[in-house]
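K.L.:
Okay, here's the structure, questions in a sec.
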Amino acid sequence: MTELHSQTLTELAIGLESGDFTSVELTQALLDRVAEHNDKLNAFVTITADEALATAAHADAARETGSGGVLNGLPIIHKDIFCTRGIRTTCGSKMLENFVSPYDATVVEKLSAAGAVVLGKSNMDEFAMGSSTETSYFGPVRNPWNLDCTPGGSSGGSSAAVAARIAPAATGTDTGGSIRQPASLTGTVGIKPTYGRVSRYGMIAFASSLDQAGVITRSAEDAARLLGVMAGFDARDSTSIDQPVPDYTLSIGDSIKGLRVGIVREHFDAGLDQQTGARVKEAIAVLESLGATTVEVSLPNLDLSVPTYYVVAPAECSSNLSRFDGVRFGHRAEDPEDLLDLYCRSRGEGFGDEVKRRIMTGTYVLSAGYYDAYYLKAQQVRRLIADDFKKAFANVDVIAGPTTPSPAFKLGDKVDDPITMYLNDIYTIGANLAGLPAMSVPCGLVDDLPVGLHLVGAHFTEEILLRCAHQYQQQTDFHTACPEAFK
Amino acid sequence: MPLDKDQVHHIAMLARLKLSDEEYAESIEKLSKIVDFIDQLSQAQTDGVVPMAHPLDAAQRLRPDAISEIDERDAYQENAPAVSGGLYLVPKVIE
C-alpha cells in the first residue's frame, strides 16, 4: 500500500471506506508529518492535534453505523482566514493574534458536517495581502521544492502543506490569485470558483467584491470532490448565488473532444519567463491531443488589470479593515490618552507594513478630490476587462495560459518592492475582477520548480475547468511529482 | 506625482493609523510608487462606460424584516479587550 501521506483525498476515501485503515490512524500519520516537517516550512499558525484526533474517532464511529458524510474522516487544513469556533483565527496578523471566533465560517461548517477532520490552521499573508506569505506576522512559509523560495501567497501555508504531503487538501481564498499563484508555485491544484459560488460568511473580508473561497489539492478530482461540499447558497452571505450545485465529480471523466480553448496572445509576451511559457504550451498541446481545438482570443485591457486591482482591492480593504478599532475585538494599545489615540495606536501596532500600505492606498483613492480619478475610473476599467472576457467566451469554453510569469522566487527578493510583487498576479487578477472561475494545474518543472497551467472559464463553468484539468491529469503525471525531501 | 509628507499625514489620519517617523519616510516613498503605478488608469478610454461595482449583475436580496439572530453578546464580548456590565469600555469621550 502507498504510504498514507502520499495518497490523494480520493484514494484515502476509498481506503477508509474499505477499512484498510481508520481515520484515527490516518490522522495520526499526518499529525506525525506535521511534527516532522512543519519546523522547516512554517505552514501552520495553529495545529489542532487533539481536536483532530477526537473528530477522527467520531468519524470512525460514524462509519461503523453508516452515518458518516461524504468526507467522513478525511483530514484537511483550513487557511487561517476562516473563522473556526473555539480555535483561534489570526488571519496572519498581530491584530488577531488572540482572536477566538465565536462561530464557524460556512465553509468550515459545511466541511465539518461532511465529516472532514481539521488538522490545523494554515499560515498566510497578513489579511491575505501578499503573494509570498512574507507579510505574515507569524513569519514566512517556505516552499517544499526549495526552502529558500516562497510557496506563493496569500494561501502559502495551504499550498506548502499540500505539496509537502502533510495534508491531502487545504482550503484557501483568492482575491487576486491567492489560491492559484501558490498552487502554481508548489505544483498543486488550486481552484477559485465563480464569485458567489462559495459563501464568504465567516471568511475574514479583504476585498468583498473580489474575495472567493476555494481549495488546494493534489488532483482535479479531489478539488471536484471538495468544491461540491463547499459550494452553495448561503443566506448569511449577501452576494451568495442561489443556483444548484452540480456533482462536479460526475462529469470530470467525460471527454474534452471539441472543447474550444482560447489562447491569449498577450499572455505569451515579454513578461513571461520563456521556459514557463514552454511548459504551458506543451500543456496546451496535450489538450489538443485530447481533441480540444485552440482559438486565439484577445484581452486588450489585460495590462490595466493590475492597476485596476490596486485601486479596487485597497479601497475595499480600507473600508473592511476599519472594523479593527481596538474596542470590540483584536489588538488594543496600552494606556490610550483618548479615543483617537486608542484607534490610531491599536491599528498602527496591530497591522503590518503591507496592510497599512493597502489601507492608506485605499483611503487615498477614496478621499475627496481623488474618488473620480481613481476609484470611479477603476470601476469603469473593471467593466472593460469583464467585457473583454465576455467577448472571448462567446467563442471559447476556457482560456488557457500561464498562472504566473515565472516559477517560485526567492524569499526576500521582492518584499521591498510592492510593484514587482503585485505584478506576480498579472495573469490571475482578471478572473477576480470579472468574477470568473479559474484554476491552476501543475504542468511541469522549470529548474526543479513547478509551474502551473491557468484555466479560466465563463461564470459557473467550474465543471468544464475541472473536467479539462482531470482529463489533462489522465495524460500527464506532473501533479503526482513530489519534492524529494518530502516523499 | 509623488506624495508629500503632509498628504501622507492626512491619509494616515483619515485611516486612523499612527505611524513612526521611519514608517512615514517609507510610506512616502512606496505610496508614491503605487500612485504612479495606478496612474496608468488615466490612459484608458472610459467615456460612457458604466462603473462596475460587482462582478455579477445581481440585485441585492431582500428578506422579511424579522429577528433572525439570537443574543450572543456574552460570547462575542469574550474577545473584547475591556468590557463591563455588557458594555465596551473606551477612554472617556465626554468630559
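Just so it is clear, none of the values below were taken in a lab; they were calculated from the coordinates. Keep in mind that what you see is a predicted model, and the values were worked out from it rather than measured. Heads up, the Cβs are rebuilt from the backbone with ideal geometry, glycines too, and the neighbour counts pull from every protein chain shown.
K.L.:
Based on DSSP H runs of at least 4 residues, each adding -39500 (n - 2.57), what is the mean residue ellipticity at 222 nm of the protein assembly as shown after dividing by all its residues, to the nearest 500 deg cm²/dmol?
P.N.:
Theoretical 222 nm ellipticity from helices: -11500 deg cm²/dmol.
K.L.:
Moving on to the next point. Tell me, what HN-Hα J-couplings in whole Hz come from the Karplus equation 6.51 cos²θ - 1.76 cosθ + 1.60 at θ = phi - 60° for each residue of region A:313-328, using x for Gly and Pro?
P.N.:
5, x, 4, 5, 5, 5, 6, 4, 7, 5, 5, 7, 10, x, 9, 8
K.L.:
Any idea what log10 I(q)/I(0) is at q = 0.19 Å⁻¹ for region A:197-324, Debye with uniform C-alpha scatterers and no solvent?
P.N.:
Listed by q, the Debye log ratios stand at -1.24.
K.L.:
To continue, here is another question. Would you mind telling me which residue in B:ALA82, B:ALA15, B:ALA59 has the biggest mean-square fluctuation in a Gaussian network model of chain B, where springs connect alpha carbons within a distance under 10 angstrom?
P.N.:
B:ALA82
K.L.:
To continue, here is another question. Per the Kirkwood definition applied to all pairs of different Cα atoms, how many angstroms is the hydrodynamic radius of region A:4-253?
P.N.:
Evaluated on region A:4-253, it is 17.4 Å.
K.L.:
Could you tell me the relative contact order of region A:191-331? Use alpha-carbon pairs under 8 Å, at least six residues apart, and round to a whole percent.
P.N.:
26 percent
K.L.:
In chain B, which trypsin sites (Lys or Arg not before Pro) fall in coil by DSSP and have 14 or fewer other Cβ atoms within 10 Å?
P.N.:
Within chain B, the qualifying trypsin sites (Lys or Arg not before Pro) (loop, at most 14 other Cβ atoms within 10 Å) are B:ARG61, B:LYS92.
K.L.:
Would you pull out the residues with amide H under 5 Å of A:VAL45's amide H, same chain only if 5 or more places away, H placed 1.01 Å from N?
P.N.:
A:LYS121, A:SER122, A:ASN123
K.L.:
A follow-up question, please. Using a Gaussian network model of chain B with C-alpha springs under 10 Å, which one of B:ILE34, B:ILE70, B:ILE11 is most mobile by mean-square fluctuation?
P.N.:
B:ILE70
K.L.:
Related question: If you count the DSSP beta bridges with both ends in region A:4-253, what percent of them are antiparallel, to the nearest 5?
P.N.:
So the antiparallel bridges in region A:4-253 amount to around 75 percent.
K.L.:
Here's a follow-up. I need the phi-derived Karplus couplings for region A:52-65: 6.51 cos²θ - 1.76 cosθ + 1.60, θ = phi - 60°, integer Hz, Gly and Pro marked x.
P.N.:
The phi angles translate into 5, 5, 5, 5, 5, 4, 4, 5, 4, 5, 5, 4, 4, 9 Hz.
K.L.:
Could I ask something else about it? Using the count of nearby Cβ atoms within 10 Å as a rough guide to exposure, how do A:VAL311, A:VAL451 rank from fewest to most?
P.N.:
A:VAL311, A:VAL451
K.L.:
List the lysines whose Cα lies under 24 Å from the Cα of B:LYS5, skipping any in the same chain that are fewer than 8 positions away.
P.N.:
A:LYS356, B:LYS18, B:LYS30, B:LYS33
K.L.:
Further question: List the lysines whose Cα sits under 17 Å from the Cα of A:LYS487, skipping any in the same chain fewer than 8 residues away.
P.N.:
Output for A:LYS487: A:LYS40.
K.L.:
Let me ask you something else. How long are the three semi-axes of the equivalent ellipsoid for the protein assembly as shown, computed from the Cα gyration tensor as the root of 5 times each eigenvalue, in whole Å, largest first?
P.N.:
After scaling each eigenvalue by five and taking roots: 35, 31, 22 Å.
K.L.:
Here's a follow-up. In what sequence, highest mean first, do A:227-235, A:178-186, A:138-146, A:153-161 appear when ranked by Cβ atoms within 10 angstrom?
P.N.:
A:153-161, A:178-186, A:138-146, A:227-235
K.L.:
Can you tell me the length gained on complete extension of the stretch A:ASP477 to A:LYS410, counting 0.36 nm per residue apart and subtracting the Cα distance?
P.N.:
21.5 nm
K.L.:
What angle, in degrees between 0 and 90 and rounded to the nearest 10, separates the Cα long axis of helix B:21-38 from the longest principal axis of the Cα atoms of chain B?
P.N.:
So the helix axis and the longest Cα principal axis differ by about 60 degrees.
K.L.:
Hey, what did chain A get for relative contact order, percent, Cα under 8 Å, at least 6 apart?
P.N.:
Rounded, it is 18 percent for chain A.
K.L.:
Under the definition of Cα pairs under 8 Å and six or more residues apart, what whole-number percent is the relative contact order of region A:186-263?
P.N.:
30 percent
K.L.:
Kindly provide the GluC sites (Glu not before Pro) of region A:93-200 that DSSP labels as loop, not H, G, I, E or B, and whose Cβ sees at most 16 other Cβ atoms within 10 Å.
P.N.:
Here the sparse-neighbourhood loop sites are A:GLU97.
K.L.:
Over chain A, what is the percentage of antiparallel beta bridges among all DSSP beta bridges, to the nearest 5?
P.N.:
DSSP beta bridges in chain A are roughly 70 percent antiparallel.
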